[in-house]
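Down below is the structure, laid out as structure tokens.
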Amino acid sequence: MTERDNDKHEETPPREDSAVESADESGTPGASDSSGGTATGTQASTPPGTAAPAGGGSGTGLAIAAFVIALLALVVVLAGGWWGWQRYQAFADSQRALVSADRLGEATDALEERIAELRGRVSSLDERTAGRDQAIAGVREAIEGVRQTQSDITARMDRIAEMAQVSRDDWRRSEAAYLANVAVHRVRYYRDADAALGALKEADELLSALGGEAIAERKAIRETIDALLAAKQPKTDDISEALTALAGQIDDLALRSGAAPLPETTDEGTGDVGETTDDAVGRAWHQFSNALGELVVVSGPEREVVPLRPASERFFLRENVKLQLYTARLAAVEGRAEIYRSSLERTQEWLRRFFDADDPAVADAIEQLTALAEQPVRSQLPEIESALAPVRQFD
């Protein structure tokens with residue numbers, strides 16, 4: 001509400017009071033209409049002391065009512081004015097929070113410049129993106145070409161793997177054939193059954209990777225291995241121990257008081273051109289043992305037999321016998337049967353000629369040498385070349 005409205009509300013009660021007062025001063029109009037002259041006459045005849053109080057009480061009540069109404073109207077006006085003032089303050093605050101038109105224009109210009117700049121950047125980004133899209137398309141084409149090349153290479157590798165598998169199988173067969181030849185060589189020239197068995201086992205492992213394709217070859221290898229295992233192997237360790245024990249007993253054997261001289265040795269020459277290696281070695285050992293035998297000087301039959309030989313003769317005689325036993329032991333270990341038996345025969349001959357054959361110890365030594373001479377020192381290996389023919393055909 002405005003101040004003008006408040007003034008109107010404040011002026012209204014006095015007008016009602018004046019109307020009431022004028023009505024009281026002039027009397028009640030309705031009474032004069034209804035009662036006529038009687039009312040007038042009554043009022044005139046009423047004493048001044050009784051009529052005045054009745055009219056004054058009615059005016060006071062109206063005045064109080066009018067005052068209350070005016071007070072209520074004032075309260076309403078004040079409340080309305082306070083509410084309007086609050087609304088006005090809120091409106092003023094909102095107006096103060098608003099930006100001015102100049103500042104709004106400046107902000108709008110700056111925003112438009114920023115938008116134009118962003119548009120330029122977006123255009124540049126679009127251009128770069130278009131270039132990258134082209135590059136990506138080129139890379140994709142290159143990748144597709146690489147994939148195609150990889151597919152071709154994979155197919156070629158598969159074919160190579162198939163060919164390699166075939167070549168690998170051929171290589172296994174060739175390697176097995178080579179090992180079979182090694183086994184034949186070791187048996188034929190070295191009489192080495194252990195080395196031959198090792199080579200054949202390696203060949204069997206190689207052929208096992210072929211599965212059923214190498215049944216014939218593996219069967220031949222298995223039969224050859226069984227034949228080598230069944231061959232009679234010499235007990236060279238026992239022979240070597242027995243000869244070593246005999247050599248240790250030579251110093252304790254009794255010598256004869258006299259003995260016939262050894263037969264004269266003859267020069268066998270250089271041998272035939274076609275003699276084998278074993279024959280040449282045996283001949284060399286024979287010459288060597290004969291040369292050592294000449295170190296002992298034995299008296300001839302034309303000289304008188306002395307009851308006891310000199311100490312030097314006894315020493316060299318025993319050492320020569322030991323040397324023959326050690327020679328036989330070495331020949332047994334190396335599998336040289338001829339040298340082994342010739343050494344044992346020479347040892348027996350010396351024991352009979354220069355030692356007391358009636359001594360039980362000497363007789364026992366001669367019997368042991370006879371039993372050892374019958375023992376084989378060379379492996380009786382079978383011929384395996386023909387048995388390994390299915391394997392050696394891939395050489």
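Take 385-392, 122-129, 330-337 and order them by the average number of nearby Cβ atoms within 10 Å per residue, most first; the result is 330-337, 385-392, 122-129.
What you get for segment 89-187, charging only the Cβ of Lys and Arg (+1) and of Asp and Glu (-1), is a dipole of about 840 debye around the Cα centre. Between Ile215 and Gln86, the modelled labels are 11.3 nm apart [label points 7 Å from Cα along Cα→Cβ]. Annotation: extensible slack from Asp238 through Gln380 equals 49.4 nm (criterion: 0.36 nm per residue apart, minus Cα-Cα distance). Multiplying the residue separation of Arg96 and Arg191 by 0.36 nm and subtracting their alpha-carbon distance yields 21.9 nm. Rounded to the nearest 10 square angstrom, Thr327 shows an accessible area of 10 square angstrom against a 1.4 Å probe. Couplings 3J(HN,Hα) of segment 202-208, computed from phi: 4, 5, 5, 5, 5, 6, 5 Hz, in residue order, whole Hz [Karplus 6.51 cos²θ - 1.76 cosθ + 1.60, θ = phi - 60°; x for Gly and Pro].
Each listed q (0.17, 0.21, 0.25 Å⁻¹) maps to a log10 I(q)/I(0) for segment 102-199, found by the Debye formula over equal Cα scatterers with no solvent: -0.91, -1.02, -1.12.
Hydrodynamic estimate: the Kirkwood radius of segment 104-160 over Cα pairs, inserted into Stokes-Einstein at 37 °C and 0.692 mPa s, corresponds to D of 215 µm²/s. Remark on Leu255: its backbone amide H falls under 5 Å from those of Asp356, a criterion applied only to residues 5 or more positions apart or on other chains, H modelled at 1.01 Å from N. Note that segment 83-174 presents 88 Å² accessible area per residue, ligands and nucleic acids not counted, probe 1.4 Å.
The calculated FRET efficiency for Glu106 paired with Asp158, based on their beta-carbon distance and R0 = 56 Å, is about 0.15.
Please identify every one of the trypsin sites (Lys or Arg not before Pro) in segment 203-260 that sits in a loop by DSSP and has no more than 12 other beta carbons within 10 Å of its own beta carbon. Listed in order of number, the matching sites are Lys232.
The values are calculated or read from the model by the stated rules, or taken from the named source; none is laboratory data. Predicted model, so just to flag it, every value in this text is computed and none were measured. Every residue, glycine among them, receives a Cβ derived from its backbone with ideal geometry; neighbour counts consider all protein chains shown. Ligands, DNA and RNA are stripped out before the accessible areas are found, and what is left, the full protein with its side chains, is counted by its heavy atoms. Shrake-Rupley method; radii C 1.70, N 1.55, O 1.52, S 1.80 Å.
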